[in-house]
Amino acid sequence: GSRYLAEENTMDESLDLPESSIDIDFSIPAKQRIRFTHDLARSDFDILLNVLEPGGDGPSRVMVVVDDELASGSERVHQLVASLCDSSAVEVVPAGNERGEGPIYRVPGGERIKNHHECVDRLLTQIHDHGLDRRSYVLAIGGGAVLDAVGYAAAIAHRGVRLIRLPTTTLAQADSGVGVKNAINRFGKKNWVGTFVVPWAVINDAALLETLPDREFRCGFSESVKVSLLKSRTDFEWLFEHAHRIAERDMAVAFPAIGKSCRWHLRHITQGGDPFESREARPLDFGHWSAHRMESMSDYDLRHGEAVGIGVALDCIYSSLVHGLPESAATRVCQCIHRLGIALDHPTLDDTDGLLSGLEEFRQHLGGRLTLTMLRDVGKPVDVHEVDTSIMRRAIDQLRNVSAELGLQESGNVA
């Protein structure tokens, strides 16, 4: 502005050199748009249209990217895309892939899309060939892995094409889909290549969860347990009391559970003072140092939500041994995860040396010294910078014993 020019002219006239150091704090305006819908393909379709802004003088240009399994079998996804194509406010760009031209660009689901950079390269080619720009939209429909990889491609194209996420798993709706992270895997490590970008909008639609397999539906609530342990004893106790109904897919409690988790994650990202994790502490990664390692050790046969459930339970037991978390609270956490239908044991726990190497991987991913979140009590997290590996081994043994006891109780062999 004029003030800047006046200062510059004054400096030139006096022939003074500028200061040798200039530090200016500034913030980047950003908005998190989160919408909760019951049937986006039908009665709630206008909610999607309302988050789209016109592209210049014409309609909003949208590229639709869908998990291949959903594209093949979800009537609601096709209904949603058909409604977009019929809208005069939207131009859906044609997608060219091995299945021919059409309004949907199909991508592999699960960790497959994150394990090969060729998937991102093909997405970038689509964005380029269809002339999408920074005011265009990539609409990503799928689980967390699909949202991660598609979001990464959108983030690096033109330094940012607008991304709208439609998470189709409980895990993504409650956690990763509402965050600011995008990534793919490299060097056998989770999320080694990625970006921090605020998505243009996220729409959590209950109807998109209907065809989710039970295994995928249940394991997503491990992140709900995690965030409630960090933030709210009341919410954890609510989850504990309703865990059986959630596991049975009672949406009267399951969708509110997703909403509670989503709001806590949003509050942490927008009000926690460190949305892009530039500091050492990453409380939302509670239980994740072992979860990420178990995923890679299982060649990603172990789902992220399942690994997080084990990781959260493990760190709660360790916290009870080292950091003062009451043993009864750690036991209650294990019971809650078990009630949700998430297994507390897995063969990867046999290789304790391999698992404990995840501590160093986690430190490298953070940068600097190791920083983990543990618990002094429910709702009372504490940052720690070292782990006693001998006690962690004890915690692993205890976790496996607890898992066996809960299994026996469930079968009726133990009173």
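The values are calculated or read from the model by the stated rules, or taken from the named source; none is laboratory data. As the structure is a prediction and not an experimental result, all values here were calculated from the model. Cβ: placed from backbone, ideal geometry, glycine included. Neighbour counts: every protein chain shown. Each accessible area value is taken on the protein alone, full model and side chains, heavy atoms only, with ligands, DNA and RNA left out. Shrake-Rupley method; radii C 1.70, N 1.55, O 1.52, S 1.80 Å.
Counting only protein chain heavy atoms and rolling a 1.4 Å probe, the accessible areas of 223, 210, 248 rank, largest first, as 248, 210, 223.
Per residue, the accessible area of the chain comes to 47 Å², computed with a 1.4 Å probe over protein heavy atoms only.
For the pair segment 231-275 / segment 364-398, the C-alpha centres are spaced 23 Å from each other. Solvent-accessible area of the chain (1.4 angstrom probe, protein heavy atoms only): carbon and sulfur portion equals 49 percent.
Charges at C-beta only: +1 for Lys and Arg, -1 for Asp and Glu. How large is the resulting dipole of the chain about its Cα centre, in Debye rounded to 20? Mind dumping the intermediate values first?
On the way: 44 positive and 61 negative charges, 144 e Å.
It comes to approximately 700 debye.
Helix 144-156 and the long axis of the chain differ in direction by around 30°, with both axes built from C-alpha atoms.
Once you have a ≥ b ≥ c as the square roots of the Cα gyration tensor eigenvalues for the chain, tell me rounded if a/c is under 1.5, and otherwise prolate or oblate according to whether a/b is larger than b/c. Write out the running numbers ahead of the final one.
Numbers: a/c = 1.93, a/b = 1.26, b/c = 1.53.
It is oblate, given that a/c is not under 1.5 and a/b is not larger than b/c.
Against the longest principal axis of the chain, how steep is helix 233-247, in degrees 0 to 90 to the nearest 10, with axes from Cα atoms? That helix lies at roughly 80 degrees to the long axis. Each of 270, 389 has its accessible area taken with a 1.4 Å probe; listed largest first, they run 270, 389.
Protein chains only, probe 1.4 Å: how do 308, 193 rank by accessible area, largest first? Show your work: numbers first, answer last.
Numbers: 308 0, 193 30 Å².
Ranking 308, 193 by accessible area, largest first, yields 193, 308.
Only protein heavy atoms count here; on that basis, with a 1.4 Å probe, residue 181 has an accessible area of about 80 Å².
Residue 255 contributes an accessible area of around 30 Å² to the protein surface, as traced by a 1.4 Å probe with all chains present. Helix 2-14 sits at what angle to the longest principal axis of the chain, using alpha carbons and giving 0 to 90 degrees rounded to 10? So the inclination is approximately 80 degrees. Projected onto the charge dipole of segment 103-177 (+1 at Lys/Arg Cβ, -1 at Asp/Glu Cβ, origin at the Cα centre), which of 125, 161, 113 gives the Cα projection farthest towards the positive end? Of the candidates, 161 comes out farthest on the positive side.
If you scale each eigenvalue of the Cα gyration tensor by 5 and take the root, what three semi-axes come out for segment 294-397, rounded to whole angstrom and sorted largest first? Can you show the working numbers first?
Working: eigenvalues 77, 72, 30 Å².
Semi-axes (√(5λ), whole Å): 20, 19, 12.
Net charge of the neighbourhood of residue 116, taken over other residues with C-beta under 11 Å away and scored Lys/Arg +1, Asp/Glu -1, is +1.
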